[in-house]
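Student: I am attaching a structure below and will ask some questions about it afterwards.
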Amino acid sequence: MKKTYSGTDGTVGFISAWEGNDDVGKGEQEIKKITEGERIDFELRFIKPFEATSPVFMTTQSISDNQTKVTWSMSGNMPYPMNLMLLFMNMEKQIGGDFETGLNNLKGILEK
């Protein structure tokens, strides 16, 4: 998979893009807003195998000195007839691993 980056990582406007095989497709993610220590908003843009744009956000809430609650949410819609494919897709299988990897990476950063 080919990855490219533009802008300054961790700042509004930073774009992380990817392009790969049919399993990965092509798309990009842009940081749209940052509320320091609380929330980060992204725009996730899928280009291939289908076009879609989805708002994504991640919030962090300190529970104790060594615990942080993380909420990661993605929403969007898919027009007909592509939405019929959702009946046959296992979204947990499709993107669950990516969410898990991201959360584990975040855990490592927060524990430093």
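Student: If you go through the stretch 82-104 one residue at a time, how many are under 15 Å from the mean Cα position of the chain (by Cα), at pLDDT 70 or above, over 16 Å from residue 22 (Cβ atoms) and of a type in the set (A, V, I, L, M, F, W, C)?
Tutor: The number of residues fulfilling the criteria is 2.
Student: Within the stretch 38-74, take every residue that is part of a loop (DSSP other than H, G, I, E, B) and open to solvent by 60 Å² or more (accessible area, probe 1.4 Å) and give me the one that is nearest to residue 110 (Cα to Cα).
Tutor: This residue is 66.
Student: Considering only the stretch 13-28, I want to know if a residue exists there that is part of a strand (DSSP E or B), open to solvent by less than 70 Å² (accessible area, probe 1.4 Å) and over 25 Å from residue 1 (Cα atoms).
Tutor: The answer is no, given that none of the residues of the stretch 13-28 is part of a strand (DSSP E or B), open to solvent by less than 70 Å² (accessible area, probe 1.4 Å) and over 25 Å from residue 1 (Cα atoms).
Student: In addition: If the requirement is being over 17 Å from the mean Cα position of the chain (by Cα) and acidic (Asp, Glu), which of these qualifies: 22, 41, 9?
Tutor: Matching residue, one of 22, 41, 9: 22.
The values are calculated or read from the model by the stated rules, or taken from the named source; none is laboratory data. Just so it is clear, the structure is predicted and the values come from calculations on it, not from any experiment. Cβ: placed from backbone, ideal geometry, glycine included. Neighbour counts: every protein chain shown. Heavy atoms of the whole protein, side chains included, go into the accessibility calculation; ligands, DNA and RNA do not. Shrake-Rupley method; radii C 1.70, N 1.55, O 1.52, S 1.80 Å.
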